[in-house]
Amino acid sequence: SKRIVIKVGTSTIMYPNGAINLKQMEKLSFVLSDLKNQGKEVILVSSGAIGVGLSRMNLTERPVTIPEQQAIAAIGQTELMRLYSKFFFHYGHQIGQVLLTKDVTDFPVSRKNTVNTFEQLLYKHIVPIVNENDTVSVEELDHLTRFGDNDTLSAIVLELTEADLLIMLSDIDGFYDKNPMEYQDAERFDIIHDITDDILDLAQDSTTKFGTGGMITKLNAAQIVLEARKRMVLANGSDISILFDVLKGKDVGTLFS
Ligand code: ADP
């Protein structure tokens with residue numbers, strides 16, 4: 001696969017104490033830059049705007065109201081992109097910010113404009129970094145404007161960019177038959193072909209502080225990916241070099257294919 005979408009969760013780029021994990025952000029920028037140098041086209045979907053915003057404002061908890069959260073996201077998004085820009089530049093690459101709303105799936109004109117933007121960025125060898133536009137996507141109007149989570153968003157981005165592989169990095173080694181954070185005897189699936197109801201029953205919410213969707217939204221994403229006859233790998237982002245292993249086809253994480 002030449003064109004790849006990589007999605008990182010907040011847990012991959014933030015420490016559990018709420019501080020920004022600069023080492024991880026730098027390593028991510030390094031590995032993606034190296035993949036670019038190998039001739040691959042990479043698109044990054046990055047969570048973390050609220051987490052980074054909280055850290056910038058010296059807050060430990062999410063504010064209560066939606067407008068306050070949107071403001072924090074606006075602050076955090078800028079800082080997130082500043083850091084990516086700095087690290088990617090260091091490794092010789094340029095980034096471009098793409099903020100999306102559900103409009104891209106609902107309105108053909110919005111969709112077309114988005115596709116054109118991605119195509120032009122990739123044509124110019126720029127790394128698109130994607131996030132949901134929290135300023136216009138309000139949580140209360142969930143079904144109207146919001147994807148609600150970057151897992152689903154990354155599956156949509158895979159489709160829009162006609163990439164064929166989505167690599168989702170999380171704080172867990174893959175998809176298990178029960179939540180491994182709670183059960184020691186949980187076993188990882190190497191490969192999953194179908195998101196059946198039985199599979200959906202095994203997925204639970206996130207147990208981490210900053211995690212949003214847990215496994216449920218990751219399976220939703222996998223379903224979109226499988227329906228488009230593409231592939232998704234869910235792997236642990238605690239060591240970013242795992243991206244090289246995934247691309248070598250090594251048995252790390254869970255492959256949805
Ligand atoms: P991210 O921030 O990387 O998107 P999340 O915290 O939202 O990650 O989701 C990953 C979490 O999902 C895991 O840490 C785990 O606690 C939880 N989880 C629930 N059910 C499962 C399962 N069946 N297999 C693996 N992880 C699961």
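The values are calculated or read from the model by the stated rules, or taken from the named source; none is laboratory data. Since the model is a prediction, treat every value here as computed from it, not as a measurement. Using ideal geometry, Cβ is built from the backbone for each residue, glycine included, and neighbour counts are taken over all protein chains shown. The area values use the complete protein model at the heavy-atom level, side chains included, leaving out ligands, DNA and RNA. Shrake-Rupley method; radii C 1.70, N 1.55, O 1.52, S 1.80 Å.
Can you say whether residue 111 is under 23 Å from residue 237 (Cα atoms) and either in a helix (DSSP H, G or I) or touching a Phe, Trp or Tyr at 6+ places or on another chain (Cβ under 6 Å) (or both), as far as the supplied structure shows?
Criteria not met by residue 111.
Given the structure, is residue 178 within 22 Å of residue 253 (Cα to Cα) and either in a strand (DSSP E or B) or not aliphatic (A, V, I, L, M) (or both)?
Values: within 22 Å of residue 253 (Cα to Cα): yes; either in a strand (DSSP E or B) or not aliphatic (A, V, I, L, M) (or both): yes.
Yes: the conditions hold for residue 178.
I'd like to check something: does the range 17-28 contain any residue that is under 20 Å from residue 131 (Cα atoms) and free of Cβ contacts under 8 Å to residues at least 12 places away in the same chain?
yes
Which ones in the range 178-195 are within 8 Å of the ligand (Cβ to nearest atom) and out of contact with any Phe, Trp or Tyr (no Cβ under 7 Å at 6 or more places or on another chain)?
178, 179, 180, 181, 182
Condition (residue is within 13 Å of the ligand (Cβ to nearest atom) and at pLDDT below 95) applied to the range 158-166: is it met by at least one residue?
No, there is no match, as no residue in the range 158-166 is within 13 Å of the ligand (Cβ to nearest atom) and at pLDDT below 95.
Determine which member of the set 79, 119 is part of a helix (DSSP H, G or I), closer than 26 Å to residue 38 by Cα and away from the ligand (no atom under 16 Å from the Cβ).
From the options 79, 119, the qualifying one is 119.
In the range 210-251, which residue that is modelled with pLDDT of 95 or more, within 15 Å of the ligand (Cβ to nearest atom) and in a loop (DSSP other than H, G, I, E, B) is surrounded by the fewest Cβ atoms within 10 Å (Cβ to Cβ)?
The residue in question is 239.
Return yes or no: is residue 86 open to solvent by 50 Å² or more (accessible area, probe 1.4 Å) and not in a loop (DSSP other than H, G, I, E, B)? If you could, list the steps in order and put the result at the bottom.
Values: open to solvent by 50 Å² or more (accessible area, probe 1.4 Å): yes; not in a loop (DSSP other than H, G, I, E, B): yes.
It is true that residue 86 is open to solvent by 50 Å² or more (accessible area, probe 1.4 Å) and not in a loop (DSSP other than H, G, I, E, B).
Identify, by number, the condition in (1) surrounded by fewer than 19 Cβ atoms within 10 Å (Cβ to Cβ); (2) of a type in the set (Asp, Glu); (3) within 15 Å of the ligand (Cβ to nearest atom) that residue 151 doesn't meet.
The single condition residue 151 does not satisfy is (1).
If the Cβ limit is 6 Å and pairs must be 6+ apart or interchain, which residue in the range 71-88 that is closer than 18 Å to residue 134 by Cα pairs with which residue that is open to solvent by 20 Å² or more (accessible area, probe 1.4 Å) and part of a helix (DSSP H, G or I)?
Listed by first residue and then by second, the contacts come to 72/50; 73/50; 75/56; 76/50; 79/56.
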